[in-house]
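Just below is one structure, and these are the notes that go with it.
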Amino acid sequence: MDERTKKEIQRRRTFAIISHPDAGKTTLTEKLLLYGGAIQSAGSVKGKQSDRHAVSDWMELEKQRGISVTSSVLQFEYDGFCINILDTPGHQDFSEDTYRTLMAADSAVMVIDAAKGIEPQTRKLFHVCAKRGIPIFTFINKLDHEARDPFDLLDELEREFGIGTYPMNWPISCGVTFKGVYDRRERAIHAFDDAHRGRSRLNAIACDITDTEKLDALIGENLRTELVEQVELLDGASFDFDLDAIAKGKLSPVFFGSALNNFGVEDFLRYFLQLTPTPLPRTTETETVDPFDDRFSAFVFKIQANMNKAHRDRIAFMRICSGKFERGKEYYHMQAGKPIKLAQPQQMMAEEREGIEKAFAGDIIGVFDPGVFSIGDTVCTKDRKITFEGIPTFAPEHFAMVEQIDSMKRKQFAKGMNQIAQEGAIRIFFEPDAGYERVFVGVIGTLQYDVLQFRMKSEYGVEYIKRELPFQFIQRIAAYEGDLARLNLASDTRRVTDVRGKNYLLFTGQWSIKWALDNNPSLVLEDFDHQ
Ligand code: G4P
């Protein structure tokens, strides 16, 4: 590999920011982009409503930005690094999208509200990252508000997540009496006062922890005594700083700060960039792919149709795993078994999409998809046939039956349903041997129903009636000796098939799964997410 390409890859840092809604992910992302000069003012990343409330807001936002708010990638430069932030929606109804996006990251930053600690969505997302063994950094936010005891917060992380924590800095009080943080590596105080609100840079006031007089002048005697005690406790009792454990995701460096006040953000960024890895190797079914291997390889982790309504386009997002991508070059699409030229390659630069000529391992590119890609597909060079390991699928938890209103629009209905299902946020199923008269829709979060309805109407001009069904579980029929039509099932169990003709059973409760197995001895069921 030539030196230039190697350098480009070495300076890449690709990570995701995860949090429970409202913990401050958007605010932190925005501040990071401000440092990189990628945006000029706060408030331009995205409206927070996208993660929370009405679908109309969500859609409106999508229109305004012209790109997907469900998750997108933002690239910017800082201090010689080329940073790719994978933006993930916090709302749990979009969690499948988030899980997949996490597959494209090399590390994760977990934002936690200091008053709340671990929340349900933090928990779920943490486990997805932990499964991959990627480094996880913690930013404990909103120290300018009343916060829980910092030892308590660390204890909760260690207990619940079974990881070690290493506080990189330590807060000096919180809320109205918040004075700043003590940087454990520099052994210096970074003071906070109201005059600093929103300012991009604070001058650290170097102050040795033993310099009582200076400390008293800075933070007062009471807080000084408390800080000295706490720092002693930390130095004596907390985990040792261990780069190897950080790399394996066993030790999480923890930062305290306030994203809104821009306090502790740049320090976080500096340390984070030192500690977070360069693009990581990826495993395929047969080998491990080194990012510094000259031969280009990538996998598709997201597909989004109609990003630009005027063009009716469909974009496949891929994470480059090795080598360099060059526009116009011929690559190989493994799943199709065909050579392919990736058309209209583009990258997201904060607020805009930009056409690109080249990109490197660690980068995310979007390419025009004429309908050939599926999530998880591998693109590589012709001389090297590899298949990246599958992106996990997650079982839908809610089901509904949808029936189109205007039978003249059957074609649009089928097309819309299929295209949106290919993006992966919804699953569609059919009654055995039936076509598109009625479609069963399975989703993880019910907000997806609204998104589907909205998109079917606005993008395909189709309206339908939806009836929610009481099913909660889906199992794949892995084997059955006999005629599936004669399966002996409880009255509230239903058999459906998917587009590829695979058979599934929908159940309303665990007991009916047991009933099906007890009454059909040769029936073998498999979890949906094990396929
Ligand atoms: P999210 O993406 O994780 O959902 O969180 P987001 O950044 O949207 O932040 C949620 C709310 O928390 C916002 O307030 C935001 O201003 C506030 N916030 C973020 N960081 C801090 C912080 O360090 N300190 C304090 N005190 N608040 C913080 P909001 O009222 O919902 O929105 P807005 O009116 O401020 O825009």
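The values are calculated or read from the model by the stated rules, or taken from the named source; none is laboratory data. Remember, it's a predicted structure, so these values are computed and weren't measured experimentally. All Cβ positions, glycine included, derive from the backbone under ideal geometry; neighbour counts span all protein chains shown. Keep in mind that these areas ignore ligands, DNA and RNA; they rest on the heavy atoms of the full protein, side chains included. Shrake-Rupley method; radii C 1.70, N 1.55, O 1.52, S 1.80 Å.
Of all residues in region 139-156, exactly one satisfies the criterion of being within 26 Å of the chain's Cα centre (by Cα), away from the ligand (no atom under 16 Å from the Cβ) and open to solvent by 30 Å² or more (accessible area, probe 1.4 Å), namely Asp155. A residue that is closer than 22 Å to Ala114 by Cβ, within 16 Å of the ligand (Cβ to nearest atom) and at pLDDT 90 or above cannot be found anywhere in region 49-57. Only one of the numbered conditions (1) under 29 Å from the mean Cα position of the chain (by Cα); (2) modelled with pLDDT of 95 or more; (3) within 22 Å of Gln412 (Cβ to Cβ) is not met by Met456, and that is (2). Here Ile386 fulfils each of the conditions (1) surrounded by fewer than 21 Cβ atoms within 10 Å (Cβ to Cβ); (2) of a type in the set (Val, Ile, Thr); (3) modelled with pLDDT of 90 or more apart from (1).
Answer yes or no as to whether Val176 is without any contact (Cβ under 8 Å) to a residue 12 or more places away in the chain, within 16 Å of the ligand (Cβ to nearest atom) and not hydroxyl-bearing (Ser, Thr, Tyr). When the stated conditions are applied, Val176 passes them.
Which one is nearest to the chain's Cα centre (by Cα), of the residues in region 424-439 that are at pLDDT 80 or above and within 14 Å of Ala395 (Cβ to Cβ)? Here the residue is Ile426. Remark: pairs (first residue in region 8-37, open to solvent by 20 Å² or more (accessible area, probe 1.4 Å); second residue within 13 Å of the ligand (Cβ to nearest atom) and small (Gly, Ala, Ser); Cβ separation under 7 Å; 6+ apart in sequence or on different chains) = His20/Gly90; Pro21/Gly90; Thr27/Ala259; Leu34/Ala42. Identify, by number, the condition in (1) in contact with a strand residue (DSSP E or B) (Cβ under 8 Å, 6 or more places away or on another chain); (2) surrounded by fewer than 15 Cβ atoms within 10 Å (Cβ to Cβ); (3) closer than 27 Å to Gly509 by Cβ that Phe440 doesn't meet. For Phe440, the failing item is (2). Lys329 passes every criterion in (1) open to solvent by 50 Å² or more (accessible area, probe 1.4 Å); (2) in contact with a strand residue (DSSP E or B) (Cβ under 7 Å, 6 or more places away or on another chain) apart from (2). Considering only residues in region 443-486 that are in a strand (DSSP E or B) and open to solvent by less than 30 Å² (accessible area, probe 1.4 Å), the one that is farthest from Gly501 (Cα to Cα) turns out to be Tyr464. Within region 496-512, the presence of at least one residue that is surrounded by 13 or more Cβ atoms within 10 Å (Cβ to Cβ) and modelled with pLDDT under 90 is confirmed.
Filtering region 115-138 to residues that are within 15 Å of the ligand (Cβ to nearest atom) and at pLDDT 95 or above leaves Ala115, Lys116, Gly117, Ile118, Thr138. Restricting attention to region 6-23, and to residues there that are of a type outside the set (Phe, Trp, Tyr) and within 16 Å of the ligand (Cβ to nearest atom), which single residue is nearest to Cys82 (Cα to Cα)? So, considering only residues that are of a type outside the set (Phe, Trp, Tyr) and within 16 Å of the ligand (Cβ to nearest atom), the one nearest to Cys82 (Cα to Cα) is Ala16. All conditions in (1) in contact (Cβ under 8 Å) with a residue 12 or more places away in the chain; (2) in a strand (DSSP E or B) hold for Lys409, with the sole exception of (2). At least 1 residues being open to solvent by less than 10 Å² (accessible area, probe 1.4 Å) and touching a Pro at 6+ places or on another chain (Cβ under 8 Å) is the threshold, and among the strands (runs of 3 or more DSSP E) wholly inside region 211-326 those reaching it are 251-256, 314-322, 324-326.
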